[in-house]
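These notes concern the structure reproduced below.
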Amino acid sequence: MTAAEWQALALSLRVSLVATLAALPLGLLIAAWLARGASRLRWLVDALVQIPLVLPPLVTGYLLLLLLGRNGPLGRLLVPLGLEFAFNWKGAALAAAVVSFPLLVRAAQVAFADVDPRLPLAARSLGAGRLDSFVTVTLPLARRGVLAGLLLAFTRGFGEFGATIVLASNIPGETRTVPLAIFSLIESVGGEAAAGRLVLVCVAVSLAAMLGVQLLQPRNARER
Amino acid sequence: MLRLDLLLRRGDFRLQVDLAIAARVCAIVGPSGAGKTSLLEAVAGLARPERGRIELDGALLFDSATGIDLPPERRQLGYVFQDGALFPHLSVAGNLRYGLRRRQGPGPAWDEVVEVLGLVGLLERRVTGLSGGERQRVGLGRALLAAPRLLLLDEPLANLDAELKRRILPFLARSVEAFGVPVLYVSHSTRELLDLAEYAVLLAGGAVAAAGPPAALFAADGPAARLALY
């Protein structure tokens, strides 16, 4: 692989890792609330969280650009603080985080709902606060599902294209991740070989992630 | 001394009680659906009464008039669930340590609890492989090590066969004796448990039908017999 291809791979890994880790706290919070909450607004939050899964990523990226651009309602507040997401790698990470968020939340939500609700209550009655009981009982019991969600979200972020190209553009070394590099290569004359190598990288990463998710499935109840 | 005066609703079900319990060991008995577990959960802070007061040794745990509602972790009550509700990701020792590490006052010593409940040989075991009676003992030990001011036992002998019941009763009696922690336990029919209790409350349909010494409650022409419960 050429230096440019390695650069795209390194950038994709960094963007996706940052996106997944940044989304984790909020993702776990929402998943835990959706799994247990008795609120009447649950269906609405559930639907809103899942929207990026079905919205064309291009539209998600465009909405993020409108929101976070220099003149956007959020951008106007954040840009003066040095938090700019348009046309830089942070934008690529944000796009990856938003698009992969539903996968993380759904997997964690299912795993949390599977935990016997009496166990965190038992922890509380033994003197553990809400957060303590979540971290020491609920989370370890749901760890397989949460890890599977992280893996799915990471892989989805790694392959993110539509939202990224609109929000972060296609700048070599800054926002040209593997999928964007493939796009550039198949548009240019004689780029087939390089595109093919990066396509193989994508297939390998996706395959490894899906095998990982399979390994995280409990083979029987005792292993959970 | 535990004082309860509360109204708790769950869907169509309504529990309304006004009780003062001074006995060291008190049994809450009654048919299923009488509200026994709801009562226990209200005391533990796992269910929220619509209104009323719960007071333990002069300290308010819940008071709807002044908006006091201590979260379960600040009530210092040892709730023992029906099948133990042990943490499956921890060993027996890990489960016992969970309560010990979070105790908020002086309480029974580790060695003593392990000894009294016969847990020495179980410490390294995974909880998923334990028998019903072993699970109960670990659950009881875990609650005791959290240094509770009151032990709440939900059907401690349910799901155990007669032989196991006979074997676990001495453990329960020895715990009460050795650690001096007052006990409130719920039972739906277990006559054996009444040997342990100094006082019993008979619940029926979400209300107190009778309260007093177990011998009087369960006499041949006593309240329990009149309610055709036993």
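Over chain A, DSSP H runs of length four or greater, each weighted -39,500 (n - 2.57), average out per residue to a 222 nm ellipticity of -22500 deg cm²/dmol.
Average partner chain C-beta neighbours within 10 Å, per residue of A:11-18?
Averaged over the peptide's residues, the number is 0.
Which angle from 0 to 90°, rounded to the nearest 10, does the C-alpha axis of helix B:92-101 make with the longest principal axis of chain B? Once rounded, the angle reads 70 degrees. A simple charge model with +1 on the Cβ of Lys and Arg, -1 on the Cβ of Asp and Glu and nothing else charged puts the dipole of chain B at about 440 debye relative to its Cα centre.
Shielding value for A:112-125 is 6, the average number of Cβ atoms from other chains within 10 Å of each residue's Cβ.
Please work out the FRET efficiency for the pair B:ASP5 and B:ARG101, using the Cβ-Cβ distance as r and a Förster radius of 30 Å; give the result to the nearest 0.05.
Using R0 = 30 Å, I get an efficiency of 0.30.
Kirkwood radius and radius of gyration were both taken over the C-alpha atoms of the protein assembly as shown, and their ratio Rg/Rh is 1.13. When the charge dipole of the stretch A:3-223 is built from unit charges on Cβ atoms (+1 for Lys and Arg, -1 for Asp and Glu) and taken about the Cα centre, the candidate among A:ASN170, A:GLY159, A:VAL199 whose Cα reaches farthest toward its positive end is A:GLY159.
By the Stokes-Einstein formula, at 1.306 mPa s and 10 °C, the stretch A:90-194 with its Kirkwood radius over alpha-carbon pairs has D equal to 98 µm²/s. Rg/Rh, computed from the Cα trace of the stretch A:20-74 with Rh as the Kirkwood radius, has the value 1.05.
R0 = 35 Å: FRET efficiency of A:LEU131 with A:LEU67, Cβ-based, nearest 0.05? Between A:LEU131 and A:LEU67 the formula returns 0.70.
Scan chain A and note any complete DSSP helix (H) whose C-alpha atoms cover at least 24 Å along its axis and whose Kyte-Doolittle average is 0.0 or more. Membrane-span-like by this rule: A:3-36, A:89-113, A:192-216. In this rough spin-label picture, where each label sits 7 Å from Cα along the Cβ direction, the B:THR66-A:LEU17 distance is 5.5 nm. Model label points for B:ALA109 and B:ALA220, set 7 angstrom from Cα along the Cα-to-Cβ axis, are 5.0 nm apart. Across peptide A:140-146, the average count of Cβ atoms from other chains found within 10 Å of a residue's Cβ is 1. Selection among B:ILE54, B:ILE168, B:GLY94 by position relative to the dipole of the stretch B:2-226 gives B:GLY94 as farthest towards the positive end (Cβ unit charges, Cα centre). Using just its DSSP H runs of length 4 or more, each adding -39500 (n - 2.57), chain B gives a mean residue ellipticity at 222 nm of -8000 deg cm²/dmol after division by all residues. Which FRET efficiency value, to the nearest 0.05, do you get for B:LEU19 and A:VAL54 by plugging their Cβ-Cβ distance into 1/(1 + (r/R0)^6) with R0 = 51 Å? Working from the Cβ atoms, E equals 0.40. Between the amide H of B:ALA210 and those of B:LEU202, distances stay under 5 Å, these residues lying 5 or more places away or on another chain, with hydrogens modeled in the peptide plane.
Across the stretch A:3-223, how large is the tail of the calculated P(r) beyond 23 Å, expressed as a percent of all Cα pairs? When all Cα pairs of the stretch A:3-223 are counted, 53 percent exceed 23 Å. Short-range pairs are left out: with C-alpha atoms under 8 Å and at least six residues apart, the relative contact order of the stretch B:2-226 is 28 percent. Note on B:CYS26, A:CYS202: ascending count of other Cβ atoms within 10 Å places them as A:CYS202, B:CYS26, the fewest first. Each other residue within a Cβ distance under 9 Å of A:ARG130 adds +1 if Lys or Arg and -1 if Asp or Glu, for a net charge of -1.
Model label points for B:ASP195 and A:TRP43, set 7 angstrom from Cα along the Cα-to-Cβ axis, are 5.5 nm apart.
Read-outs throughout are calculated quantities, based only on the coordinates presented, and are distinct from any laboratory measurement. Keep in mind it's a predicted model, so treat the numbers as computed, not measured. Note that we place each Cβ from the backbone using ideal geometry, even for glycine, and neighbour counts take in every protein chain shown.
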